[in-house]
Amino acid sequence: VKWQKDNVSNQVEHLSSLLANIHKNHTSKYVFCAEALDTVMNKLLENYIRWYKFLDLKYTRWSPHIEEEKDQQRKLQYIGLYLLVWGEAANLIFMPECLCYIYHHVWLWFKLSLLLS
């Protein structure tokens with residue numbers, strides 16, 4: 001997947017702002033707050049989680065187990081990937097099921113590329 005350069009920089013800034021806004025309410029500004037990351041991830045991926053549970057994909061080998069994820073780096077990858085898809089999708093943000101479908105398949109591609117590298 002080739003992301004538009006401006007989309008990448010916009011989404012990095014977007015994610016930084018989201019984390020900073022939630023983080024400032026949880027702890028001092030000099031310590032990374034895991035709760036901020038969890039809050040952002042749960043809020044952004046809430047619809048996707050409901051979508052894959054509705055389709056009963058939650059128990060398949062190729063579905064992300066987002067709610068069970070403990071690794072902060074992996075959480076950032078889930079969030080970043082979702083924001084990149086969301087940023088590229090333009091008008092699909094008004095069609096949440098399509099966005100979930102696209103995110104799911106890009107996530108599969110991402111997971112396979114990690115396994116093969």
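The values are calculated or read from the model by the stated rules, or taken from the named source; none is laboratory data. Because the structure is a prediction, the values reported are computed rather than measured. FYI the Cβ positions are ideal-geometry reconstructions off the backbone, even for glycines, and counts take in every protein chain you see. Accessible surface areas use protein heavy atoms only, side chains included; no ligands, DNA or RNA. Shrake-Rupley method; radii C 1.70, N 1.55, O 1.52, S 1.80 Å.
Listing for the model above:
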quantity	calculated
With all protein chains modelled, accessible area of HIS105 [1.4 Å, Å²]	90
Förster-model FRET efficiency, 25 Å R0, LEU57 and PHE94, C-beta, rounded to 0.05	0.65
Cross-link pairs beyond the 19 Å C-alpha cut-off, checked among LYS5/LYS43; LYS2/LYS53; LYS5/LYS111; LYS43/LYS70; LYS43/LYS111	LYS5/LYS43; LYS2/LYS53; LYS5/LYS111; LYS43/LYS111
Within the stretch 70-88: backbone nitrogen closer than 20 Å to the LYS43 label point (7 Å, Cα to C-beta)	72-88
List TYR52, TYR82, ordered by accessible area with a 1.4 Å probe, largest first	TYR82, TYR52
